[in-house]
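Visitor: Let me give you the structure first, and then I'll get to my questions.
No value in this document is a laboratory result; all are computed from the given coordinates. What you see is a predicted model; the values in this text were computed from it and never measured. Neighbour counts run over all protein chains shown; Cβ positions are idealised from the backbone, glycine included.
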Amino acid sequence: LLLAACATPTVSPTPTTPTGTATPAPKASPTPTPTPISKLTPQYGGTLRIIRTRVGSFGYPLTETAGDRQVAMPAQERVLEEQSDGSPRASLAMAWKIAPDLKSLTLTLRKGVKFHDGTALNATSAKWNFDKVMVGKKEGTESWTSIDVIDDYTVRINLSGFQNIVTNYLASAAGTMVSPTAVEKNGADWARLNPVGTGPFKFVSYTQDVNLKYESFDGYWGGKPYLDGVEYVFIQDAQTRLMSFLKGDGEVLLAPEPKDMAELKAKGYQVIAGESSLDSLSNFFPDSVNPDSPFKDKRVRQAVEYAIDKEAIVKALGYGYWRAAYQFIPADHPSGYNSDIQGRRYNPSKAKELLAAAGYPKGFKTTLTVAESSEAWSAIATNLKEVGIEALIEVGSRARRSEMDQKGWKNGLIEGPLGGVTNWNFHLVKMLSPDSPRWVSTLRPPGWREALNAALASPDPSTAKKATQNAVKFLYEEAVSLPLWSTAQIRALKPNVHDTGLLTSGHTFTWTPEKAWLSK
C-alpha cells in the first residue's frame with residue numbers, strides 16, 4: 001500500500017468563488033487501494049527509478065503533453081495543484097481569487113522561491129510564463145486576454161469569460177513555471193529537453209529512449225527532499241518493461257498491463273488503482289470533416305460503433321481494469337457521466353443496415369492509426385471486417401500521430417487516448433473545442449460550441465455537471481467520436497517505496513517527488 005506523505009503539509013486557502021468542479025463521491029472500478037496514514041519515519045537517500053514509455057518534451061510547458069509532464073514534475077511546479085476532488089490547493093501560489101464579475105483571476109505568489117538557475121519567482125517571471133502559454137494558445141488559455149503585474153508577488157489573469165476549468169488548467173501546463181532567464185538565454189528548442197524549474201530536483205542528463213536523470217536541489221523552497229535523485233528509465237515494449245521491473249531495474253512501474261497485476265501483487269509488490277474520476281478513455285477520432293470520407297456520414301460513424309463488441313474485448317483483455325465506454329467520458333465519472341445514455345451496444349446487423357443506408361452496402365477500406373500494437377486493435381479490425389469494413393492497423397510513431405492530429409488525415413480513425421482528469425470539461429475543451437488545434441479532421445457539428453460553452457459557464461458544481469452531461473449527450477447523438485473503453489489507472493511499486501503521491505490528486509501525471517522516500 002502507498003503510505004501518506006510525512007513532509008510538512010501546505011495549507012490551501014479557500015477560493016472566494018467556486019471553480020465549477022463537480023465533486024460527488026466517485027464510483028471506483030476496480031475498488032481503489034486505500035491510502036493509510038504513515039507510521040514510518042521517512043529516510044533520506046537513494047535514487048527512485050521509474051520505468052515507463054518514452055517522452056517527447058519535458059522542459060518547456062508550451063510543447064509538453066500530459067505524459068511528458070509526469071516526467072517533468074521533479075523539476076517543474078505549477079502555481080496551483082489539483083486535489084482528488086478537482087478543487088485547487090496552494091503550490092507556487094499561496095492564494096487565488098476569482099473576481100465577483102468572473103472576469104479575472106488574481107494569484108498571490110509564494111515568496112522566497114528560486115528557479116534552479118537562481119532566478120527569482122515573482123510576478124514578473126510568472127507573467128512571462130503566462131504570456132508564453134497564452135500567445136502560444138496552450139489549452140486552457142482560450143479565455144485569457146491579458147496578464148497584469150499588480151505588485152512584486154501578485155499577478156492577475158484577465159478573462160474574456162469565465163470557464164469553470166480555469167484553476168484546473170493552472171494545475172497543468174498553463175500554470176507551470178520555468179525560468180525566463182534560461183529560456184531567453186538558450187532558446188525554446190533547448191528548453192524542451194533542459195528543464196529549469198522551481199522543483200525539488202534539478203536536471204542532470206537525458207539520453208533519448210534510454211533515461212532521464214535528476215538530482216536533489218539544495219535550494220528548494222520546501223526543504224531538502226528525501227531522495228538523492230530520480231531517474232526515469234524508458235522502455236517502449238510493455239513486456240520488456242515488466243521484465244525489467246521484476247529484474248530490479250526500477251522501483252516504480254508506471255501503467256503495467258492489467259494481465260500482470262495479479263502476478264505483481266502475488267509477488268509482494270504494491271499495486272494501486274485510482275478512483276474512477278482518474279480513469280482514462282480509449283477513443284477513436286474520425287476524419288468526419290473531409291467531404292469524400294465515409295465518416296462524413298453520421299450513419300457510418302454510428303455503424304462502426306455498433307460493429308465493435310466492446311464488452312467482449314474488455315472482458316478478454318481488461319482483467320477487471322477496463323470498462324466498455326459508450327459516451328465521451330469514462331463510466332461513472334463524477335463530473336458529467338450521463339446515465340440516461342444507453343449507448344450503441346454491439347449489433348452487427350444494425351451496423352450493416354446503417355452502412356447500406358449510407359451507401360456502403362459492401363463496406364469500405366479504412367485505416368486505424370494507433371500508438372502501439374495490441375490484441376484490442378486486432379479484435380476491432382476483426383469486428384469491422386464482419387460488417388464489410390476492411391481496416392488496416394497502422395502503428396504510428398508519436399511524431400506521426402501528432403502531425404496527423406494537428407494537420408489532418410483522410411479516411412481513417414486515429415486513436416486518441418484521454419488521460420484521467422477530475423473535471424472532464426478539461427478534455428471537452430482540449431480535444432473538441434471548435435478553437436482547439438487538436439483533431440482538426442474531426443467534425444464539430446452546429447450547436448456544439450453552444451453546448452460546450454454552457455458546460456463551462458457555471459461556477460456552481462451541480463449546474464456545471466448537468467450542462468456537462470448535456471454536452472456529452474450532444475457528442476453521443478452526433479457520433480462525434482468513437483469511445484471504446486475506460487481504463488483504471490494502475491501502478492506497481494516495490495515494497496520499500498513510500499509517499500509518492502501517485503494517483504492521489506486530480507491528474508494522473510501528478511505525484512509528490514518532494515515527499516517520496518525509500519526505506520532501507
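Visitor: Sum up the charges of everything whose Cβ sits under 12 Å from the Cβ of Ser205, counting Lys and Arg as +1 and Asp and Glu as -1, but leave Ser205 out. Mind dumping the intermediate values first?
Guide: On the way: positive: Lys202, Lys213; negative: Glu215, Glu231.
Cβ neighbours under 12 Å give a net charge of 0.
Visitor: Projected onto the charge dipole of the chain (+1 at Lys/Arg Cβ, -1 at Asp/Glu Cβ, origin at the Cα centre), which of Gly501, Leu482, Leu170 gives the Cα projection farthest towards the positive end?
Guide: Selected residue: Leu482.
Visitor: Could you point to the residue in Trp144, Ser397, Tyr214 farthest towards the positive end of the chain's charge dipole, with +1 and -1 charges on the Cβ of Lys/Arg and Asp/Glu respectively?
Guide: Towards the positive end, the residue furthest out is Ser397.
Visitor: What FRET efficiency comes out for the pair Ala266/Trp190, r = Cβ-Cβ distance, R0 = 56 Å, nearest 0.05? Could you put the intermediate results ahead of the total?
Guide: Numbers: r = 46 Å, r/R0 = 0.82.
Calculated value: 0.75.
Visitor: On alpha carbon coordinates alone, what is the Rg over Rh value for the chain, Rh being the Kirkwood radius? It would help to have the intermediate numbers written out before the result.
Guide: On the way: Rg = 22.7 Å, Rh = 23.6 Å.
My calculation of the ratio gives 0.96.
Visitor: Residue by residue through region 147-155, what is 3J(HN,Hα) from phi via Karplus (6.51 cos²θ - 1.76 cosθ + 1.60, θ = phi - 60°)? Round to whole Hz and write x for glycine and proline.
Guide: 10, 10, 8, 8, 8, 4, 10, 10, 9
Visitor: With the cut-off at 18 Å, tell me which of the pairs Lys267/Lys315; Lys114/Lys213; Lys39/Lys515; Lys138/Lys407 have Cα atoms farther apart than that.
Guide: Values: Lys267/Lys315 24 Å; Lys114/Lys213 21 Å; Lys39/Lys515 15 Å; Lys138/Lys407 16 Å.
Where the Cα-Cα span goes over 18 Å, the pairs concerned are Lys267/Lys315; Lys114/Lys213.
Visitor: Per-residue ellipticity at 222 nm for the chain, helices alone: DSSP H runs ≥ 4 residues times -39500 (n - 2.57), over residue total, nearest 500 deg cm²/dmol?
Guide: Values: 15 runs with 136 residues, N = 520.
Mean residue ellipticity at 222 nm (helix-derived): -7500 deg cm²/dmol.
Visitor: I've got another one for you. Measure of size requested: the Rg and Dmax of region 277-487, with Cα atoms as the atom set and Å as the unit; please supply both.
Guide: That works out to 16.2, 50 Å for Rg and Dmax.
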